[in-house]
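Asker: Sharing a structure with you now.
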Amino acid sequence: MNQLAFLNELREHWDKRELGERRILLVVGILIFASLVYLIAVQPAMSHSKNLREFTPKLKQQAASMAMMADQYAQLSKTMTEAVPVVTRESIEASLLRRNIKTQSLTVVSETVRLQVNAVAYANLMEWMLEMQRAARLTVDDVKLTALTEPGQVGAVISLRQQRPNS
């Protein structure tokens, strides 16, 4: 009942207004309504559309790089399932000898290799570690490098672990 009374009262006030005043109030009401529609719906949509146009190329590039990484992962997972020979002391010594790296101590236990080198060229050591990563799937567990006074020479204590597929 209160709503009906309120609407009747509102209609009485509207009817008391002159025609020109009613037109002005209608135009102002329409302008307010249109402004609200613009601020609530149109402007945010235009802003999001602009953001979408700016970020879509970046997102496409990221998606392409992720697809490329997924392909690389698939290729790597195929190679990981291949049989990898167990690392042995003889194979490690042979690879060190090829690189002319002399170790102070070398221990090979199960799938873990620990070695200590007193003086070696840093580049030569890094190349050997990359070779071991590719050939025997040895990954670095721990490295302690000490710079020597001779340029490019380091002392190293390295712990490597062979990555083998889970059987």
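Asker: Rounded to the nearest 500 deg cm²/dmol, what is the calculated helix-only ellipticity per residue at 222 nm for the chain, with -39500 (n - 2.57) per DSSP H run of length n ≥ 4?
Answerer: That comes out to -20000 deg cm²/dmol.
Asker: Given the options ILE30, ILE101, ILE92, state which has the largest fluctuation in a GNM of the chain using a 10 Å cut-off (strictly under) for Cα springs.
Answerer: Comparing ILE30, ILE101, ILE92 in a Gaussian network model of the chain, the most mobile one is ILE30.
Asker: For the chain, compute Rh as the Kirkwood radius over C-alpha pairs and then the Stokes-Einstein diffusion coefficient at 20 °C and 1.002 mPa s; write the answer in µm²/s, rounded to an integer.
Answerer: Diffusion coefficient, whole number: 91 µm²/s.
Asker: Kindly provide the Kirkwood hydrodynamic radius of the stretch 123-167 in Å, to one decimal, from all pairs of distinct alpha carbon atoms.
Answerer: 11.7
Asker: A further question follows. Counting only heavy atoms of the protein chains, get the accessible area per residue of the chain (1.4 Å probe) and round it to a whole Å² value.
Answerer: Per residue, the chain has 78 Å² of solvent-accessible surface.
Asker: Pick out, from TRP14, VAL109, GLY152, the residue whose Cα sits farthest towards the positive end of the charge dipole of the chain, with +1 on the Cβ of Lys and Arg and -1 on the Cβ of Asp and Glu.
Answerer: GLY152
Asker: How many nm separate the modelled label positions at ALA123 and MET66, each set 7 Å beyond the Cα in the direction of the Cβ?
Answerer: Here the answer is 4.0 nm between the modelled labels.
Asker: Also, quick follow-up: What angle, in degrees between 0 and 90 and rounded to the nearest 10, separates the Cα long axis of helix 2-16 from the longest principal axis of the Cα atoms of the chain?
Answerer: The angle comes out at about 60 degrees.
Asker: Could the peptides 119-131, 14-26 be put in order, highest first, of the mean number of other beta-carbon atoms found within 10 Å of their residues?
Answerer: Peptide ranking by packing, descending: 119-131, 14-26.
Asker: Per residue, how much space in cubic angstrom lies within the convex hull of the C-alpha atoms of the stretch 25-81?
Answerer: Considering the Cα atoms of the stretch 25-81, their hull volume per residue is 64 Å³.
Asker: Set Lys and Arg Cβ to +1 and Asp and Glu Cβ to -1, take the dipole of the stretch 29-135 about its Cα centre, and tell me which of SER95, ALA64, ASN124 lies farthest positive.
Answerer: Positive-end residue among those listed: ALA64.
Asker: Now for a different question. Calculate the tail of P(r) for the stretch 60-147: the fraction of all Cα-Cα distances greater than 17 Å, expressed in %.
Answerer: Value for the stretch 60-147 (Cα pairs over 17 Å): 57 percent.
The values are calculated or read from the model by the stated rules, or taken from the named source; none is laboratory data. Because the structure is a prediction, the values reported are computed rather than measured. Positions of Cβ are generated from backbone atoms using ideal geometry, with glycine treated the same way; all protein chains shown enter the neighbour counts. Calculation scope for accessible area: heavy atoms of the full protein, side chains included, ligands and nucleic acids excluded. Shrake-Rupley method; radii C 1.70, N 1.55, O 1.52, S 1.80 Å.
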